[in-house]
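Enquirer: A single structure is presented below for examination.
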Amino acid sequence: MDKVQEITLEIPQKQLTVEDLRRMREPVKRLVEAGRVLAVQEDQDGRRSARITLQDGQLYLHPLLRQPTPADAHALQESEVVGVLDPSCTLAFLDLGWAGSTRGRVTIRLTPDTPLARQFVLLCTGQRGHTYRNTKLLEVWHKGHPREYVVGGDYESNDGEGGAPLLPNLYGQYRGSSRAGTVLAWGGPGGPRSAQFIITTMDRQDGRQWTDVFGDVVGGLDVVRAAVNHSDITEVTVVDCGVVLPL
């Protein structure tokens, strides 16, 4: 069977499909682990591709980039891959790094039925051409106090002056939260830089809540806190980003 699987890897019997990813049989698993499964998008400006990786039994879709596609890669349409996302909940991730190394992954549970969450997914996957990848964290507010939070996500100028919304109307039914790990937009859904995001690092203790919340950190809050305590927050970079594929 090992020989059969090796042949299957080298000479695929049919075009790889999203359903093959769902089943994740051994030959497909080995293709993914070898970095030979990509999601692709083609438009008037050419072709972009996104890596699909497997880690701890979880599939991750990375952002679309203009990069060479290996000749032996199996390409899936990016729209089909993104189409498997749960309409009621999506897990996104930001990999943070500083001092020359990646320090950890921050996983965020989003509610994509809100426009701000849908916009966050677009910027994690690069579907509209822009992405949080290689953006830096910009500023820490109320450092050391219960309202402490960090700001990032200026995909335009990477200095805090950019981050224009990608969607025309970001107003919707949002919720409030006073918890650490809350994710919301800088300036709210009507702000001119609302693609910038805020991640809170402490529970509020003033009896009030953050409003217009569209996500919660469910893993890696310690990474965000470590970034906040780095000597210069602008040296902290989103080295990678994307979404978890619930297959």
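Enquirer: Given (1) at pLDDT below 95; (2) closer than 19 Å to ALA92 by Cα, where does GLN173 come up short, assuming only one miss?
Expert: Of (1) at pLDDT below 95; (2) closer than 19 Å to ALA92 by Cα, only one is false for GLN173: (2).
Enquirer: Give the residues of region 63-89 that are among the polar types (S, T, N, Q), surrounded by 12 or more Cβ atoms within 10 Å (Cβ to Cβ) and either touching a Leu at 6+ places or on another chain (Cβ under 7 Å) or closer than 18 Å to PRO112 by Cβ (or both), sorted by residue number.
Expert: THR69
Enquirer: Say we look at region 55-106 and pick out the residues that are among the small types (Gly, Ala, Ser) and in a loop (DSSP other than H, G, I, E, B); which of these is farthest from GLY126 (Cα to Cα)?
Expert: ALA99
Enquirer: Separate question: In region 221-232, which residues are open to solvent by 20 Å² or more (accessible area, probe 1.4 Å) and in contact (Cβ under 8 Å) with a residue 24 or more places away in the chain?
Expert: LEU221, ASP222, ARG225, ALA226, HIS230
Enquirer: Which residue out of ALA50, ALA92, ALA99 is of a type in the set (A, V, I, L, M) and surrounded by fewer than 20 Cβ atoms within 10 Å (Cβ to Cβ)?
Expert: ALA99
Enquirer: Let me ask something additional. In region 66-111, which residues are touching a residue at least 12 places away in the same chain (Cβ under 8 Å), of a type in the set (A, V, I, L, M) and farther than 22 Å from LEU170 by Cα?
Expert: Of everything in region 66-111, those that are touching a residue at least 12 places away in the same chain (Cβ under 8 Å), of a type in the set (A, V, I, L, M) and farther than 22 Å from LEU170 by Cα turn out to be ALA73, ALA75, LEU76, VAL81, VAL84, LEU96, ALA99, VAL106.
Enquirer: VAL218 - would you say it is of a type in the set (A, V, I, L, M), closer than 30 Å to GLY129 by Cβ and buried (at least 16 other Cβ atoms within 10 Å of the Cβ)?
Expert: For VAL218, the condition - of a type in the set (A, V, I, L, M), closer than 30 Å to GLY129 by Cβ and buried (at least 16 other Cβ atoms within 10 Å of the Cβ) - is not met.
Enquirer: Return yes when ASP206 is part of a loop (DSSP other than H, G, I, E, B), acidic (Asp, Glu) and over 23 Å from GLN127 (Cβ atoms) and no when it is not.
Expert: For ASP206, the condition - part of a loop (DSSP other than H, G, I, E, B), acidic (Asp, Glu) and over 23 Å from GLN127 (Cβ atoms) - is met.
Enquirer: A follow-up question, please. Among the residues of region 116-138, how many are open to solvent by 10 Å² or more (accessible area, probe 1.4 Å) and over 23 Å from GLU42 (Cα atoms)?
Expert: Matching residues across region 116-138 total 2.
Enquirer: Also, quick follow-up: Could you count how many residues in region 167-209 are open to solvent by less than 40 Å² (accessible area, probe 1.4 Å) and either of a type in the set (Val, Ile, Thr) or closer than 21 Å to VAL106 by Cβ (or both)?
Expert: Adding up the residues that qualify gives 17.
Enquirer: Sticking with this structure for a sec: Name, by its number, the condition in (1) open to solvent by less than 30 Å² (accessible area, probe 1.4 Å); (2) of a type outside the set (A, V, I, L, M); (3) part of a strand (DSSP E or B) that does not hold for GLU42.
Expert: (1)
The values are calculated or read from the model by the stated rules, or taken from the named source; none is laboratory data. This one's a predicted model, so the numbers in the text were calculated from it and none came from an experiment. Quick reminder, even Gly has a Cβ in these numbers, built from the backbone with ideal geometry, and neighbours come from all protein chains shown. What goes into the accessible areas is simple: the full protein's heavy atoms, side chains included, and nothing from ligands, DNA or RNA. Shrake-Rupley method; radii C 1.70, N 1.55, O 1.52, S 1.80 Å.
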